[in-house]
Each structure stands twice: as structure tokens, then as C-alpha cells.
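One structure is given below, encoded as C-alpha cells.
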Amino acid sequence: MTDKKIIIAIDGFSSCGKSTFAKSIAARLGYVFIDTGAMYRAVTLYSAEHGAIRSGVVDDEAVAALLDQMSIAFRFNPERGASDIYVNGELVEGRIRSIEVSNCVSAVSSIARVREELVAMQQQMGRSKGVVMDGRDIGTVVFPDAELKIFMTADAEVRARRRYDELTAKGDSVSFEEVYQNVIRRDHADMTRAISPLRQADDAIVLDNSHMTVEEQMAWFMDKFAAATA
Ligand code: DC
């Protein structure tokens, strides 16, 4: 395997298994994995805890005003094999995936000031290369020159089934229809957002993993990686 370090941008729809895929690639290559969705979620959590989101209503100005007093950092957690996210030194990894945060994160991620700030941080984190970054706008906005761009997708029904199995395994009582409708709604919100909507970069390679095992996805990736670093 080559020593040349590159930037790997992974974008795509929600519930495609992007983070799992990005995490295993990073482990395989000895790269740093950066989950940019976690950064948008951390801003959302902090905003909710500091009065900028009340009863699910996001006050854009108030969120923007809080950015200056937030310091976001990742620290590698060997037990998880991935980095945990901290805000002002406090570990928030466990709390950013709550339903309250999930319900408001789309609104927070469409605030221009939030995107400017987080994109600048992400560019800084990738400056030494050797990173796998997953999100919605990595190949289009954050690293338009990334050496390898992957756009992940899977049938909406397959994604809803995976999400439904995950939630019911945790004991949540949801209907498949509810989960399916949520997947469709989120796809629509991600693609129609005014700033940095989810879109495939012209030079991205599509990975449709509807009917692929994790091993098949890794074999597919290693092929593309070899070509990108040749
Ligand atoms: O990947 P995720 O579901 O944890 O992302 C959470 C939210 O953040 C999702 O609504 C899309 C948004 N997001 C974004 O706008 N840009 C990114 N680079 C990553 C996530």
C-alpha cells in the first residue's frame, strides 16, 4: 500500500451507513475519521442547552451568537475505535444522537454562519491529509479538490429497513411506515436546502450499497483507493 496520504470525501443520503463505512476505511488505512454530522449535532445540543432553541424552535441569530463561545474538539477513543466529540472540554458524544437533537439539526445546519464556521474547522482538520471525512458537502464545498470522492446511496426502502431494525433492536416502538416517511423527508430537506444542499460532486464515484455486504464495500473501496493513489 502506498504511503501517499490523501483526503477521502464521503457524502450521501442519511442512513446509508456512511459513518460505519468511513470509520472502517480510516481504521484500515490508519487515517483520521471525521464525522462532520457530529459537529452539526454538537452545535444543536449546545444551542438547546443555552436557550437558542426553545420548544423545538430554532432562533438562528441566537445560535450564531453562541458560536464564539463554543470550542469543538475530537479525541480518539480506543474503545470505540473512533473519536468522541467534546464541546468546551465536555464529552457530548452520548447526547448528540437524541431524538430532540435529530429533530432540530436540519434547521441548525441550514444557518449560514454555522456552516461557515464548521466548514472552516473541517478544512483546518484536513490540512495534513490522511483523513476520511463524512458528511453532505465534503466533496462539493469543504474539499472540492479531494483526491477521492465517494457518493453513497441505497434504496430508501432498504435504508428505512436498516434504521427500523436498529431502532426496534434498541426497544423503540416505531412503525416501519413512520421510519420510511422520515427517511424520505430527510432526503428532501438535505437536497433542497438553500446553502450547500446534498449533491453528488461531478467527479464523485457512486457507491450504491443496497445489496452489498460490508466486506464487498471494503473490497470495492480498496480498488478505488489504489487507483486514486497510484
Ligand atoms: O450525518 P448525520 O445524520 O449525523 O448529520 C446530522 C445533520 O447534519 C443532518 O441533518 C445533515 C447535517 N449535515 C450537514 O448539513 N452537512 C454535513 N457536512 C454533515 C451533516
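The values are calculated or read from the model by the stated rules, or taken from the named source; none is laboratory data. Just so it is clear, the model here is predicted, and its values are computed rather than measured. Neighbour counts are summed over all protein chains in view; Cβ atoms, including those assigned to glycine, are modelled from backbone coordinates with ideal geometry. When the accessible area is computed, the model is the full protein with side chains, heavy atoms only, and any ligands, DNA or RNA have been set aside. Shrake-Rupley method; radii C 1.70, N 1.55, O 1.52, S 1.80 Å.
I'd like the GluC sites (Glu not before Pro) in region 1-101 restricted to DSSP loop residues with at most 13 other Cβ atoms within 10 Å, sorted by number. Provide the component values of the computation, followed by the final result.
Working: sites: Glu49, Glu61, Glu79, Glu90, Glu93, Glu100; in loops: Glu79, Glu93.
Those that pass, being in a loop and sparsely packed, are Glu79.
Taking Cα centroids, how far is region 77-119 from region 181-230 in Å? Here the two parts' Cα centres lie 21 Å apart.
The accessible area of Ser106, taken with all protein chains in place and a 1.4 Å probe, comes to roughly 50 Å².
For Tyr180, the solvent-accessible surface computed with a 1.4 Å probe is close to 60 Å², ligands and nucleic acids excluded.
When the solvent-accessible surface of protein heavy atoms is calculated with a 1.4 angstrom probe, in what order do Asp165, Asp68 fall, highest first?
Working: Asp165 80, Asp68 125 Å².
So the residues, ranked largest to smallest area, are Asp68, Asp165.
Placing unit charges on the Cβ atoms of the charged side chains and taking the dipole of region 3-156 about its Cα centre, the candidate lying farthest along the positive direction among Ile7, Val63, Val43 is Ile7.
Under the combined filter of DSSP loop state and at most 14 neighbouring Cβ atoms within 10 Å, region 67-172 retains these trypsin sites (Lys or Arg not before Pro): Arg80, Arg97, Arg127, Lys170.
In the full protein context, region 109-230 carries 52 Å² of accessible surface per residue, based on a 1.4 Å probe and ignoring ligands, DNA and RNA.
Can you send over the carbon and sulfur percentage of the accessible area for the chain, probe radius 1.4 Å, protein chains only? Working shown, then result.
On the way: 5800 of 11520 Å².
So the carbon and sulfur contribution to the accessible surface is 50 percent.
Evaluated with a Cβ-only charge set (Lys, Arg +1; Asp, Glu -1), region 77-226 carries a dipole of roughly 360 debye about its Cα centre, given to the nearest 20. Computed about the Cα centre, the dipole magnitude for region 33-102 is approximately 220 debye when only Lys and Arg (+1) and Asp and Glu (-1) carry charge, each at its Cβ.
Farthest towards the positive end of the charge dipole of the chain, among the residues Thr153, Gln200, Asn77, is the Cα of Asn77, using unit charges on the Cβ of Lys, Arg, Asp and Glu. Remind me, relative contact order of region 130-230 in percent, using alpha carbon pairs under 8 angstrom and six or more residues apart? The normalised contact order for region 130-230 reaches 41 percent.
So what is the calculated 222 nm ellipticity per residue for the chain, using -39500 (n - 2.57) for each DSSP H run with n of 4 or more, over all residues, to the nearest 500 deg cm²/dmol? Intermediate values should be presented prior to the final figure.
Working: 8 runs with 105 residues, N = 230.
Taken over the chain, the calculation gives -14500 deg cm²/dmol.
Pairs of lysines in the chain whose Cα atoms sit within less than 14 Å of one another amount to 5, provided the residues are eight or more positions apart or on different chains.
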